[in-house]
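Below: the structure, in C-alpha cells.
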Amino acid sequence: MKKIELFLNKIEEVIMVTGGLLMVFLNFANVVCRYLLPTTPFSYTEELVVLLFVWVSMFGVSYAYRRRAHTVLTVISDCIPGKFQIIIIVISMCASMLLMFLLAKTGYGMVLNQIKYNQILPGMKIPVATMGWAIPLGACTAFLSAAASGYDEIQTLLANGEKKR
C-alpha cells in the first residue's frame, strides 16, 4: 500500500509542479508577446492554461486528501470524545468518497460524450477529452486518497485512545 501511495504522490507532484510552472510561463509569455508583437504567436495559450488548470486542480484534490490538508471543522470534533470523533471521521470519509465516486462517474460519462461527438478545442485542434480525462482520473485518485486518509486518521485516534488508558 505504501508503494502505491508513493507512486501516486510522485505522479501528482509531477502533474502539479509541471502544470503550475507551464501555466505561469505560458501566461507570462502571452502577455509579453501581446504587448511587444503586433500578432501573438501564442493564440492557443488560453486553452492550454485552462487544460493544465483542470489537471492540476483535480490531482491537487487527491494530493491534499493524502496530506490531510483539506479544511476540516476541528472546532466541533475536538470538543467531543474520541469514539464520537471516529464516527465524524467515518461520516466525513464516506461523504468525500461518495462525492469523488459521483464525480468520477459523471466525469467518465462526460468524456464519453466528448469522444462520441468528436469535440475539439478550436485553438489547439486537440480533443476536448484530453482535458476531460482529468476529472474521472483525478476523482479516482482522490477517492483512494480520501479512504487512505480517513483510515490513517482513525488509526491515529485509536492509537491515541489506547495511550490515554
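Averaged per residue, what accessible area in Å² does the chain show with a 1.4 Å probe, protein chains only?
66
With each pseudo-label sitting 7 Å past Cα toward Cβ, what's the residue 22-residue 87 distance in nm, one decimal?
Roughly 4.7 nm, to one decimal.
For the chain, what is the calculated [θ] at 222 nm in deg cm²/dmol (nearest 500), taking -39500 (n - 2.57) for each run of four or more DSSP H residues and dividing by its residue count?
Rounded to the nearest 500, it is -27500 deg cm²/dmol.
Within the accessible area of the chain, what % is carbon and sulfur when the probe is 1.4 Å and the other protein chains stay in place?
Roughly 72 percent, rounded to a whole number.
Are there DSSP H segments in the chain that both extend 27 Å or more along their axis (alpha-carbon positions) and score a mean Kyte-Doolittle hydropathy of at least 1.0? List them, or say none.
Qualifying helices: 45-66, 82-116.
In terms of modelled amide H atoms, which long-range or inter-chain residues lie less than 5 Å from the amide H of residue 120?
128
Normalised by the number of residues in segment 1-157, what is the relative contact order in percent for Cα pairs under 8 Å and 6+ residues apart?
Once normalised by length, the contact order is 30 percent.
How large is the direction-averaged shadow of the alpha-carbon convex hull of the chain, in nm²?
Value for the chain: 12.4 nm².
Spin-label point model (7 Å from Cα, Cβ direction): what's the residue 130 to residue 35 distance in nm?
2.9
The values are calculated or read from the model by the stated rules, or taken from the named source; none is laboratory data. None of these values were measured; they are calculated from a predicted model. Glycine also receives a Cβ, built like all others from the backbone with ideal geometry; neighbour counts cover every protein chain displayed. Ligands, DNA and RNA are stripped out before the accessible areas are found, and what is left, the full protein with its side chains, is counted by its heavy atoms. Shrake-Rupley method; radii C 1.70, N 1.55, O 1.52, S 1.80 Å.
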